[in-house]
Amino acid sequence: MLRSYYLYQATASCVFFSPVFYVYYQERVGLELATILWVQSYYLTVRALLDLPLGALADRYSRPACLAAFALCHMAGSATLLLAPTFAGVLAAETLFAVGGAFRSGADSAFLFDALQVAGRLDLYPQAESRAQAVISIATGTTAVIGGFLAALDLRLPYVATFLAAAASGTSVLAFGEPSHAHGSRATSVTVLVREAVRHAVGSSAVRWVMALGAFAVVSSHVYFYLQQPYLRGIGVPLALFGVVFAGTKVVTAVIASGAHRIDAALGPRAATAVMAAAPAVGLGAMSLVSVPAGAALILTRGVLDGLWQPLMNVYMNRLVESRLRATMLSAQSLVARLALAGAIALLGVGTARAGLPATLASAALAAAAAGLALVATGPRAPGGPRPCRGTVV
């Protein structure tokens with residue numbers, strides 16, 4: 001089962017246009033940087049609003065079906081941008097990408113946890129989650145390098161490659177079973193699942209802290225993501241190397257993610273959070289001061305943040321909720337994070353338009369430092385992350 005799951009995560013993560021989509025939108029569609037950021041804010045809002053109901057849909061009906069729907073949406077979105085490189089086409093494609101991301105959100109990690117639980121190997125879950133995130137990072141980094149070189153030949157080619165990779169990921173889902181139904185999720189309606197997830201979040205301080213940490217990590221990581229391409233353009237890095245820089249970040253992510261479960265066990269969530277906070281505070285702050293090509297190396301600090309939060313957020317949340325709510329709660333966590341990110345990206349659009357890129361990077365670094373300190377101060381003390389409250393069934 002684990003091999004099939006890793007194969008799915010590898011193919012689903014082959015988004016060849018990730019390191020160059022800004023350039024595509026600017027040169028093929030004719031959009032300004034601020035407009036692209038506002039479009040991304042729209043994408044994130046749609047994604048956030050759909051995360052919770054589609055996560056509940058995965059718990060209620062089928063997690064593998066939702067993972068297949070992710071693939072179909074990425075195929076349709078890539079095809080739309082190839083056939084209609086217009087502002088309307090961009091909005092349609094970003095809507096499809098948002099719907100696809102919401103289908104996948106929570107469903108993949110929930111499927112992994114329950115498949116291992118049914119197999120009697122739940123002890124493997126933290127390590128499997130770390131390895132899955134490492135696979136995602138390696139696949140993302142490799143395809144970023146290829147995507148950068150493809151874009152240097154023709155900006156349309158990364159979207160063609162993404163279409164084919166999404167088709168492969170949808171095919172790989174056919175190897176999955178449906179372990180979640182053994183836990184009775186079909187007996188509960190989507191509305192009830194959503195209501196119970198909200199009640200669980202309101203009643204548990206541990207869940208609220210994990211959600212806050214997830215929102216911080218997602219926002220900080222995506223500040224890098226959304227400002228990386230204009231930053232690389234501004235410091236004079238050739239387009240063909242955009243993917244190389246992106247891949248370098250993913251290599252760091254993969255190395256950190258593969259050992260994240262051991263780091264968490266040794267340091268505990270508060271120390272791990274301190275590292276997550278330090279990475280963007282230092283990295284983004286330094287980027288605001290460096291305007292030469294060597295500054296591209298500073299983007300690698302994102303890999304430290306991503307290597308910790310991507311596996312650990314799922315581990316922390318899955319420990320706190322029962323099986324029938326698992327994908328729903330992971331999607332609720334994503335909803336909170338994506339709504340926070342949508343607001344942050346809108347502010348980035350205003351900041352870059354009015355104050356410029358360096359000042360926006362500096363402001364983001366200060367915000368990351370302040371939010372990180374607050375999370376460290378309120379985080380759980382015990383190593384291994386938040387634990388279930390008394391009476392919680394997992």
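No lab work stands behind these numbers, since they all come straight from the coordinates. Treat the numbers as computed from the prediction; the structure is a model and nothing was measured. Glycine also receives a Cβ, built like all others from the backbone with ideal geometry; neighbour counts cover every protein chain displayed.
Of note:
- Share of pairwise Cα separations in the stretch 302-342, more than 17 Å, in percent: 38 percent
- Across all directions, the shadow cast by the convex hull of the stretch 121-280 built on its C-alpha atoms averages 12.7 square nanometres.
- Principal-axis tilt of helix 63-83 within the chain, Cα atoms, nearest 10 degrees: 10 degrees
- Near Phe163, once Lys and Arg are set to +1 and Asp and Glu to -1 for all other residues with Cβ below 15 Å from its Cβ, the sum equals 0.
- Axis angle, to the nearest 10 degrees, between helix 357-378 and the longest C-alpha principal axis of the chain: 20 degrees.
- Helix 190-203 axis, angle to the chain major axis (alpha carbon atoms, nearest 10°): 90 degrees
- Formal net charge of residues neighbouring Arg338 (Cβ-Cβ distance under 10 Å; K, R +1; D, E -1): 0
- Pair-distance distribution of the stretch 1-114: all C-alpha pairs, bin width 10 Å, starting at 0; shares per bin in whole percent are 14, 42, 30, 13, 1.
- Listed candidates (i) 116; (ii) 140; (iii) 151 - label of the one calculated as volume of the Cα convex hull per residue in Å³: (i)
- D_trans [Stokes-Einstein, Kirkwood Rh over alpha-carbon pairs] for the stretch 117-164, 10 °C, 1.306 mPa s, µm² s⁻¹: 124 µm²/s
- Ranked packing of 200-207, 133-140, 41-48, most packed first, by mean Cβ within 10 Å: 133-140, 41-48, 200-207
- Estimated dipole of the chain in Debye, rounded to 20 [Cβ of Lys and Arg +1, of Asp and Glu -1, Cα centre]: 680 debye
- For the stretch 238-299, diffusion coefficient by Stokes-Einstein and Kirkwood Rh (Cα), 20 °C, 1.002 mPa s, µm²/s: 161 µm²/s
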